[in-house]
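A.B. asks: Before I ask anything, let me first share the structure, which is written out below as structure tokens.
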Amino acid sequence: MGDYSNRSCDQEYGNYSTIFGTIDTPEWEAVLIILTLGFIILLTIIGNVLVILSVFTYKPLRIVQNFFIVSLAVADLTVAILVLPLNVVYSVVGQWVFGIHVCKMWLTSDVLCCTASILNLCAIALDRFWAITDPINYAQKRTLKRVLIMIAGVWVLSLLISSPPLIGWNDWPDTDVFLEKKVCRLSSRKGYVIYSSSGSFYIPLIIMTIVYIQIFIATRRRLRERAKASKINAISKNQSKKKIDIDKDSVSSGETNHNEQRSEINCKKKKKKGKIDDNEETGQLKPILVREDSITDAGENSSNSHKSGENSKVPNIVVNNSKNSTPCTAVTVINSKSKNPGSKVVVIEAPKKMGGIYQFIEEKQRISLSKERRAARTLGIIMGVFVVCWLPFFMMYVIVPFCEWCCPSRRLINFITWLGYINSVLNPIIYTIFNMDFRRAFRRLLGLPGTS
């Protein structure tokens, strides 16, 4: 790498007289840049401040894993406050006018804050990965102390990546050359470029890619399992509506008829009183139910049967879950074409409450499937936005020092650089817009309707 002052990519600057003084760009372009980048800065500050306030002021969000989101918001907020305003001035004027010491601190803050933002994204990915792959054990390990240690590790690692140029690992010019050139840019020492780009982007990118692929696979698997469970519940519901004829071997017809008459009499009495309790209906079914569906607890019913003194050979049941059935016609006896003479079939009208249970299970399955699909979509958005925003910058950052004839224009450099900065605007949107609690907290903080 040649000396900083002799680099062939040094470009001539414009000399436009505007209301801002003598600057590098035409006045209309300067106004457009200031308005656009100023809006990005304002949006970044507002979005990340809302995220931080939401976690600390809205009780449902005060959970340990959301401190990763707070750390990410702090990193993005520092980018908006310490880095972006000076970059706007530098982009419009075309020269660094704040002195060499401010330049060094600005570049260090730039690397520190952007690296912290990226490493926080990596920490969030790892946290989600461990929570999905080992939910029981990780739920116990995910303490406030552990989360704070991980966050501290993110910032310490970011400091280790950003600080070496301050202690000599750089190709920054001497003061006299700097005053002449007035150019403030990152160190292009090849060793540091590889070191910083690896720690700030490429290693986190590899980790996030592997982790999110595993999360995506696990999410797809859970989607298939839940879809299968939903189909099984639907089949069980349909089967429960069909009559299942089973022989009654150990209960005489006379005894059954006696039970039938007694049951009908009791039901008539209850109808007159107008008091029929669903729990009583369920209690009537328990002594004779043997075959259970996927919802009820067979063990409990079996124990109740033994406690009731029933014979171990009790009739299986015909469950009729028709909409027209009424609780008071729950037990009837019909003749059966069984191989065993004299056997009867018990037809039980399932209580209407069973339909409510099936509807409840189906609704829970539907909601769960919807959440899993949203989670899978969110993962794609997270990785897509991260790669689109930062990959162009780090490709340019690595390629230019090793390519003597590669001299991107200043406008291209500014565009690619700000594309990376835009990730700090999008992070609070991506990580909160899909979370109902964050949306409620935002409305609450902004005084918008729908906060109840």
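A.B. asks: Being of a type in the set (Val, Ile, Thr), free of Cβ contacts under 8 Å to residues at least 40 places away in the same chain, part of a helix (DSSP H, G or I) and surrounded by 15 or more Cβ atoms within 10 Å (Cβ to Cβ) narrows it down to one residue among Thr78, Thr115, Thr44, Thr108; which is it? I'd like the intermediate steps shown before the answer.
C.D. replies: Values: Thr115 fails: free of Cβ contacts under 8 Å to residues at least 40 places away in the same chain; Thr44 fails: free of Cβ contacts under 8 Å to residues at least 40 places away in the same chain; Thr108 fails: free of Cβ contacts under 8 Å to residues at least 40 places away in the same chain.
So the residue among Thr78, Thr115, Thr44, Thr108 that is of a type in the set (Val, Ile, Thr), free of Cβ contacts under 8 Å to residues at least 40 places away in the same chain, part of a helix (DSSP H, G or I) and surrounded by 15 or more Cβ atoms within 10 Å (Cβ to Cβ) is Thr78.
A.B. asks: Just to be sure I understand the filter: pairs with C-beta atoms under 6 Å, separated by 6 or more residues or on different chains, first member in the range 383-396 and more than 17 Å from Pro408 (Cβ to Cβ), second member open to solvent by less than 30 Å² (accessible area, probe 1.4 Å). Which pairs pass?
C.D. replies: Met383/Tyr212; Cys389/Gly420; Cys389/Asn423
A.B. asks: Among the residues of the range 90-105 satisfying the criterion of being among the aliphatic types (A, V, I, L, M) and either open to solvent by less than 10 Å² (accessible area, probe 1.4 Å) or at pLDDT below 90 (or both), which is nearest to the chain's Cα centre (by Cα)? Steps first, please.
C.D. replies: Our first condition is that a residue be among the aliphatic types (A, V, I, L, M); within the range 90-105, this holds for 92-93, 97, 100, 102, 105.
If we keep only those that are either open to solvent by less than 10 Å² (accessible area, probe 1.4 Å) or at pLDDT below 90 (or both) as well, we get 92-93, 97, 100.
Details: Val92: 39, Val93: 41, Val97: 43, Ile100: 43 Å.
Per the criteria, the residue is Val92.
A.B. asks: Read through the list (1) assigned to a helix (DSSP H, G or I); (2) modelled with pLDDT under 85; (3) open to solvent by 50 Å² or more (accessible area, probe 1.4 Å), then give the number of the only condition that Gly380 fails.
C.D. replies: Going through the list (1) assigned to a helix (DSSP H, G or I); (2) modelled with pLDDT under 85; (3) open to solvent by 50 Å² or more (accessible area, probe 1.4 Å), Gly380 breaks only (3).
A.B. asks: Here's another thing I want to ask about it. Return the only residue of Leu121, Leu112 being of a type outside the set (Asp, Glu), at pLDDT 95 or above and closer than 21 Å to Asn423 by Cβ. Reasoning before the result, please.
C.D. replies: Values: Leu121 fails: at pLDDT 95 or above.
Of the residues listed, the single one that is of a type outside the set (Asp, Glu), at pLDDT 95 or above and closer than 21 Å to Asn423 by Cβ is Leu112.
A.B. asks: Condition first: among the aromatic types (Phe, Trp, Tyr) and part of a helix (DSSP H, G or I). Now tell me which residues in the range 81-105 satisfy that. Walk me through it before giving the result.
C.D. replies: So the first thing to find is which residues in the range 81-105 are among the aromatic types (Phe, Trp, Tyr), and the list is 90, 96, 98.
Once the filter is applied, which keeps residues that are among the aromatic types (Phe, Trp, Tyr) and part of a helix (DSSP H, G or I), the range 81-105 yields only Tyr90.
A.B. asks: Which condition breaks for Arg128 when tested against (1) in a helix (DSSP H, G or I); (2) open to solvent by less than 50 Å² (accessible area, probe 1.4 Å)?
C.D. replies: All conditions are met except number (2).
A.B. asks: Pairs needed: first member in the range 398-420, open to solvent by 80 Å² or more (accessible area, probe 1.4 Å); second member anywhere, in a loop (DSSP other than H, G, I, E, B); C-beta distance under 7 Å; at least 6 residues apart or different chains.
C.D. replies: Close Cβ pairs satisfying both conditions: Ile399/Cys406; Glu404/Ser8.
A.B. asks: Suppose we keep only residues that are at pLDDT below 70 and of a type in the set (Ser, Thr, Tyr) within the range 7-41. Which one would you say is least open to solvent (accessible area, probe 1.4 Å)?
C.D. replies: Across the range 7-41, the extreme among qualifying residues is Thr18.
A.B. asks: Moving to a separate point now. In the range 195-215, is there at least one residue being open to solvent by 40 Å² or more (accessible area, probe 1.4 Å), assigned to a helix (DSSP H, G or I), modelled with pLDDT under 85 and not hydrophobic (A, V, I, L, M, F, W, C)?
C.D. replies: Scanning the range 195-215 turns up no residue that is open to solvent by 40 Å² or more (accessible area, probe 1.4 Å), assigned to a helix (DSSP H, G or I), modelled with pLDDT under 85 and not hydrophobic (A, V, I, L, M, F, W, C).
A.B. asks: While we're on this one: What pairs can you find where one residue is in the range 427-452 and within 23 Å of Thr78 (Cα to Cα) and part of a helix (DSSP H, G or I), the other is open to solvent by less than 80 Å² (accessible area, probe 1.4 Å) and modelled with pLDDT under 85, and their Cβ atoms are less than 7 Å apart, with a gap of 6+ or different chains?
C.D. replies: Ile430/Ile382; Phe438/Thr432
A.B. asks: Can you give me the number of residues within the range 178-191 that are surrounded by 15 or more Cβ atoms within 10 Å (Cβ to Cβ), of a type in the set (A, V, I, L, M, F, W, C) and farther than 23 Å from Cys113 by Cα?
C.D. replies: Number satisfying all stated conditions: 1.
A.B. asks: Working only within the range 133-169, note down all residues that are in contact (Cβ under 8 Å) with a residue 24 or more places away in the chain, closer than 24 Å to Cys103 by Cα and open to solvent by less than 60 Å² (accessible area, probe 1.4 Å).
C.D. replies: Matches in the range 133-169: Ser158, Ile161, Ser162, Ser163, Pro164, Pro165.
The values are calculated or read from the model by the stated rules, or taken from the named source; none is laboratory data. On a predicted model such as this, the values are computed, not experimentally measured, just so you know. So basically every Cβ, Gly included, is an ideal-geometry build from the backbone, and we count neighbours across all protein chains shown. These accessible areas exclude ligands, DNA and RNA; they are computed on the full protein's heavy atoms, side chains included. Shrake-Rupley method; radii C 1.70, N 1.55, O 1.52, S 1.80 Å.
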